[in-house]
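Chemist: Starting off with a structure, shown below.
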Amino acid sequence: MSFTFSVIPGYVIEDIISTDWRRAVETVKLAYLAHAEGESVNPNSYFLRFPEKPSARIIALPAYLGGEIGVSGIKWIASYPENIRQGFPRASAVLILNDYETGYPFACLESSIISATRTSASAVLAADQLVPGQETATIGFIGNGLIARHVYQMFMGTGWNVDEVALFDLNRDDSQRFASTVCLPERHDVRICESAEELIRSSSMVVFATTAAQPHVHDLPWFSHDPVVLNLSLRDLAPEILLASNNIVDDVEHVMNADTSPHLAEQAVGNRDFVDGTIAQLVQGECTLAGDRPTIFSPFGMGILDIAVGKWVYDEAVRSDRATPIPGFFSELER
């Protein structure tokens, strides 16, 4: 029996993912479908918080995904919003993968990219189901940081046709940087908006990718044109907006936590009847959505997705000889 342990750095992971965006979306889809079939264990996330740093937290997401993958593991991701003020990303993370048969860890992967990839692949998977033909007039991004960049790249990398990209961030410099360094002007027009209202009213699809801790969008009339809303940051929208919309989530139990917008909506009405289905049900054609209201996808972010994407990346890194083995990592291998 082999007991190897390898490390896979971020630049290798980024290269593997950027050469096959569609594979990332397909990997996430298969993980959702396996979860719907009961082939997973996905406990609630565990939050480590700090009394003197109320905005900071480190989150543990353990998970097991069965089926063809058959791997367990844990993502350990730090979220420090104050990092942004110092000019570097909010999140940093590692992913540990464990062998299902022995429990031995066999890989450690830089995971901020994997985390952003599974989030963006989840968003594009939902968009693929909700918007026929991978075409939309305007995608608007509220919050123009790392997650928005990965979502944008996933849309572009999987062949979406977009007439215009609209941008809004409380820090206008971030919008300008996104427009000049991320956007592909040969693919679409780019417009920087003066307010969230302007962006929402003018976008056929809206992506929330902020660090908001509580709802700041309360005006239902902004959504009167019935856009598709990818509610990735989960806390931007007031409950009344969800209650007047179609709602798709990744897992109902999982998302009703930590004062997410769906959780607040549940508290407001005392039930979950406003949820129309899960992303797996949407993929399987089991959801019926009203055509005269916005449709909101709210993914809490499941550890099984990190495991699935991480295992795909690991296999590709090993196949291409880009995983770095650590000789002697385990001190004792005989009982």
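Chemist: Got at least one residue in region 29-48 being part of a helix (DSSP H, G or I), among the small types (Gly, Ala, Ser) and within 20 Å of residue 146 (Cα to Cα)? Don't jump to the end; show me each part of the working.
Modeler: Taking region 29-48 and keeping what is part of a helix (DSSP H, G or I), we get 29-36.
From the residues that got through so far, the ones that are among the small types (Gly, Ala, Ser) too are 31, 34, 36.
Cutting the leftovers down to within 20 Å of residue 146 (Cα to Cα) gives us none.
The answer is no; no qualifying residue exists.
Chemist: Are any residues in region 61-77 touching a helix residue (DSSP H, G or I) at 6+ places or on another chain (Cβ under 9 Å) and either within 14 Å of residue 306 (Cβ to Cβ) or in a strand (DSSP E or B) (or both), and if so, which ones?
Modeler: 61, 62, 63, 64, 65, 69, 71, 72, 73, 74, 75, 77
Chemist: Counting just the residues of region 210-224 that are hydrophobic (A, V, I, L, M, F, W, C) and within 20 Å of the chain's Cα centre (by Cα), which one comes out surrounded by the fewest Cβ atoms within 10 Å (Cβ to Cβ)?
Modeler: 213
Chemist: Within region 141-181, how many residues turn out to be of a type in the set (S, T, N, Q) and surrounded by 16 or more Cβ atoms within 10 Å (Cβ to Cβ)?
Modeler: 4
Chemist: Still on this structure, I have one more. Is it fair to say residue 24 is of a type in the set (Gly, Ala, Ser), surrounded by 20 or more Cβ atoms within 10 Å (Cβ to Cβ) and either not in a strand (DSSP E or B) or not assigned by TED's automatic domain parsing to the domain that holds residue 103 (or both)?
Modeler: yes
Chemist: Based on what the data block shows, is residue 234 in the same structural domain as residue 290 (by TED's automatic domain parsing), under 17 Å from the mean Cα position of the chain (by Cα) and closer than 19 Å to residue 132 by Cα? Spell out how you get there, then give the answer.
Modeler: Details: in the same structural domain as residue 290 (by TED's automatic domain parsing): yes; under 17 Å from the mean Cα position of the chain (by Cα): yes; closer than 19 Å to residue 132 by Cα: no.
Here the answer is no, as residue 234 does not meet what is asked.
Chemist: Then there is this: So which pairs qualify, if the first residue must be in region 242-269 and over 17 Å from residue 208 (Cα atoms), the second must be outside any loop (DSSP other than H, G, I, E, B) and among the hydroxyl-bearing types (Ser, Thr, Tyr), the Cβ gap must be under 8 Å, and the two must be at least 6 apart or on different chains?
Modeler: Note: pairs meeting the criteria are 251/278; 252/278.
Chemist: Only one of these is among the β-branched types (Val, Ile, Thr) and crowded, with 20+ Cβ neighbours inside 10 Å: 283, 249. Name it.
Modeler: 249
Chemist: Of the residues 88, 106, which single one is among the aromatic types (Phe, Trp, Tyr), closer than 29 Å to residue 212 by Cα and assigned by TED's automatic domain parsing to the domain that holds residue 318? Break it down stepwise before answering.
Modeler: On the way: 106 fails: closer than 29 Å to residue 212 by Cα.
Just a single option satisfies the conditions, and that option is 88.
Chemist: Further question: Exactly one of (1) among the aromatic types (Phe, Trp, Tyr); (2) modelled with pLDDT of 95 or more; (3) surrounded by fewer than 16 Cβ atoms within 10 Å (Cβ to Cβ) is unmet by residue 47. Its number?
Modeler: Here residue 47 clears every test but (2).
Chemist: For region 32-41, check the following and say yes or no: at least one residue is surrounded by fewer than 18 Cβ atoms within 10 Å (Cβ to Cβ), outside the structural domain of residue 254 (by TED's automatic domain parsing) and hydroxyl-bearing (Ser, Thr, Tyr). Spell out the reasoning first.
Modeler: In the first step, residues of region 32-41 are kept if they are surrounded by fewer than 18 Cβ atoms within 10 Å (Cβ to Cβ); the result is 33, 36-39, 41.
Keeping just the survivors that are outside the structural domain of residue 254 (by TED's automatic domain parsing) gives 33, 36-39, 41.
Okay, now just the ones that are also hydroxyl-bearing (Ser, Thr, Tyr), so none.
There is no residue in region 32-41 that is surrounded by fewer than 18 Cβ atoms within 10 Å (Cβ to Cβ), outside the structural domain of residue 254 (by TED's automatic domain parsing) and hydroxyl-bearing (Ser, Thr, Tyr).
Chemist: Among (1) under 20 Å from residue 112 (Cα atoms); (2) modelled with pLDDT under 95; (3) of a type in the set (D, E, K, R), where does residue 23 come up short?
Modeler: (2)
Chemist: Let me confirm something: among 96, 69, 84, 59, which residue is over 26 Å from residue 296 (Cα atoms), among the aliphatic types (A, V, I, L, M) and in contact with a strand residue (DSSP E or B) (Cβ under 6 Å, 6 or more places away or on another chain)?
Modeler: Details: 69 fails: in contact with a strand residue (DSSP E or B) (Cβ under 6 Å, 6 or more places away or on another chain); 84 fails: in contact with a strand residue (DSSP E or B) (Cβ under 6 Å, 6 or more places away or on another chain); 59 fails: over 26 Å from residue 296 (Cα atoms).
Exactly one residue qualifies, and that residue is 96.
Chemist: Just the residues that are farther than 13 Å from residue 64 by Cα and without any contact (Cβ under 8 Å) to a residue 12 or more places away in the chain, please, taken from region 38-53.
Modeler: 49, 50, 51, 52
Chemist: Could you grab me the full set of residues in region 298-335 that are farther than 18 Å from residue 21 by Cα, part of a helix (DSSP H, G or I) and either outside the structural domain of residue 109 (by TED's automatic domain parsing) or under 17 Å from the mean Cα position of the chain (by Cα) (or both)?
Modeler: Within region 298-335, 303, 304 meet the criteria.
The values are calculated or read from the model by the stated rules, or taken from the named source; none is laboratory data. Predicted model, so just to flag it, every value in this text is computed and none were measured. Glycine also receives a Cβ, built like all others from the backbone with ideal geometry; neighbour counts cover every protein chain displayed.
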